[in-house]
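Heads up: the structure comes next, in structure tokens.
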Amino acid sequence: MNRTPHTNSYYAATANQKTDRPRLTEALDTQICILGAGYTGISSALHLAEAGFKVVVLEAARIGFGASGRNGGQLVNSYSRDIDTIENNYGPDLGKALGDMAFEGGNIIRERIQKYNINCDYKPGGIFAAFNEKQLNDLKEQKALWERYGNDQLELLDADQIRSQIASDRYIGGLLDHSGGHIHPLNLALGEAAAFESLGGQIFEDSKVIRIDRNENSPGKRPQVFTEQGSVTCDYLLLAGNAYMGGLVPELSAKSMPCGTQIVTTEVLDESTARSLIPNGHCVEDCNYKLDYYRITGDNRLLYGGGVTYGGGDPASIEHFIRGHLEKTFPQLKGVKFDYAWGGDFLLTMSRLPQLGRLTDTIYYAQGYSGHGVTTTHLVGKLVAETIKGHAERFDAFASLKHYPFPGGRMFRVPYTAIGALYYGLRDKLGI
Ligand SMILES: Cc1cc2nc3c(=O)[nH]c(=O)nc-3n(C[C@H](O)[C@H](O)[C@H](O)COP(=O)(O)OP(=O)(O)OC[C@H]3O[C@@H](n4cnc5c(N)ncnc54)[C@H](O)[C@@H]3O)c2cc1C
């Protein structure tokens, strides 16, 4: 049988297990069906299985095939738009509700790793690196904001201190979040999938959902989903296909936009070179609108990502595109050999806030983490399980965020958004 492989990444090459779950070829009946085996799908599945629910996950390709098996691996706290924006745009109550959850996702990941003994190269500590005074002042405000919401693990770095953390002359300071960190993302997804299966959960790979019958007017409102060779009828359906779901659910694709971002890994560096770059092994993201993110992997490669392609997909040469960024940050690595280069799509919303809600009483969706989804997807898994158990307050706080289509409609949303990004890029360059 021809199966869709994982993208040719460093992560796929160093995965703890090769996935080989069966394709769905029968008609199943279950309590919960989940479309998509990324973090949103698998973390929800695991929370639900822990609560005793019978759960079936349908994955179009493979576990972690999408962003969850390809990302930078950075556990970044809070959301792609920070809590102060939520307070200002949606009011103090919603700001507080979401702010109170902003650090939970990272803790869930650490608990999962411990509880299920998941080997995914976890290392604590993430640095936000500032190029100019404006960005450093923003980081000072971020520190005060996050402390207000209970994060007491933050450390401001001046120019000398950040130079001792990152062997680059580009930054004038930064913020170290000791409760951030990094992981091998595909191995986290595979470990969580195995934990879910150990509790009786079922995952079918190569089983793309091609049709959804909402059945909202039938008794019980039980949805039914169809793959090429099978179907699942369920009490509740969760849509967790994110940027890879295409136009299957038009109301969701109308208010979100896939975006590509790309990553390379160098060849294995000798231990002393790897240590010289980031001596304490933290991960780094810079403060630009289109940001660079990087870290040292478990086997001493520099993993470096950056850029955004609006509309999704990759530039003609990922290596060429990223090399310029990497060598500007670390000129001492000029000409270093790259072993892997890949891209992946995340899902952007206009507000840059996650898009959670219900299509009907029995069909939920969660998507659109806008580039910062490793921790939030893990929070969301818990919220989905809480909701199905009858406690919807926290899910509904997210669901109350209004989402709008991108300006320009399907034809012009990509160029319009790219022009907006150019403007913000210029502000970064000018430090305003
Ligand atoms: C290159 C890259 C780097 C990133 N770096 C970071 C980072 O360092 N830190 C961070 O916080 N965030 C990062 N992100 C974002 C983060 O990875 C995502 O927000 C998160 O993984 C989204 O998880 P998900 O489960 O919602 O979606 P995905 O992981 O994309 O999973 C969706 C799954 O649904 C499946 N699917 C889609 N349609 C169907 C269908 N019809 N039937 C069945 N299955 C279907 C797909 O095959 C896929 O496996 C990055 C993203 C990318 C692409």
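The values are calculated or read from the model by the stated rules, or taken from the named source; none is laboratory data. If you're wondering where the values come from, they're calculated on a predicted model, not measured in any experiment. Cβ sites come from the backbone with ideal geometry, for glycine too, and all protein chains shown count toward neighbours. Just the protein is used for accessible areas: all its heavy atoms, side chains included, with ligands, DNA and RNA removed. Shrake-Rupley method; radii C 1.70, N 1.55, O 1.52, S 1.80 Å.
Can Tyr11 be described as of a type in the set (Ser, Thr, Tyr), surrounded by 23 or more Cβ atoms within 10 Å (Cβ to Cβ) and more than 7 Å from the ligand (Cβ to nearest atom)? When the stated conditions are applied, Tyr11 passes them. Of the residues examined, Leu58 is one that is under 19 Å from Ser198 (Cα atoms), within 14 Å of the ligand (Cβ to nearest atom) and either touching a residue at least 12 places away in the same chain (Cβ under 8 Å) or open to solvent by 20 Å² or more (accessible area, probe 1.4 Å) (or both). Looking across the range 260-283 at every residue that is away from the ligand (no atom under 16 Å from the Cβ) and touching a Phe, Trp or Tyr at 6+ places or on another chain (Cβ under 7 Å), the one that is nearest to Phe346 (Cα to Cα) is identified as Thr266. Among residues of the range 205-222 that are closer than 15 Å to Thr360 by Cβ, those with a Cβ under 6 angstrom from a residue that is open to solvent by 70 Å² or more (accessible area, probe 1.4 Å) and part of a loop (DSSP other than H, G, I, E, B), sequence gap 6+ or separate chain, pair up as Lys221/Asp361.
Applying a threshold of 7 Å to beta carbon distances and a minimum spacing of six or more residues, or different chains, the list of pairs starting in the range 71-93 at a residue that is more than 14 Å from the ligand (Cβ to nearest atom) and ending at one that is of a type outside the set (A, V, I, L, M) reads Ile83/Gly95; Ile83/Gly99; Ile83/Tyr149; Ile86/Gly95; Glu87/Gly95. Taking Tyr293 as meeting all but one of (1) at positive phi; (2) within 14 Å of the ligand (Cβ to nearest atom); (3) of a type outside the set (D, E, K, R), write down the number of the exception. All conditions pass for Tyr293, except number (1).
Considering each residue of the range 150-186, count those that are surrounded by fewer than 18 Cβ atoms within 10 Å (Cβ to Cβ) and under 23 Å from the mean Cα position of the chain (by Cα), and give that number. Going through the range 150-186 one residue at a time, the tally reaches 3.
Kindly evaluate Gly105 against the criterion of being more than 15 Å from the ligand (Cβ to nearest atom) and either under 23 Å from Met350 (Cβ atoms) or outside any helix (DSSP H, G or I) (or both). No; evaluated as a whole, the condition is false for this residue. From the residues in the range 41-55 that are of a type outside the set (A, V, I, L, M, F, W, C) and not in a loop (DSSP other than H, G, I, E, B), which one is nearest to the ligand (Cβ to nearest atom)? Ranking the qualifying residues of the range 41-55, first place goes to Gly41.
Taking the stated definitions as given, is Thr30 more than 22 Å from Gly191 (Cα to Cα) and either within 18 Å of the chain's Cα centre (by Cα) or assigned to a loop (DSSP other than H, G, I, E, B) (or both)? Judged against the criteria, Thr30 is not a match.
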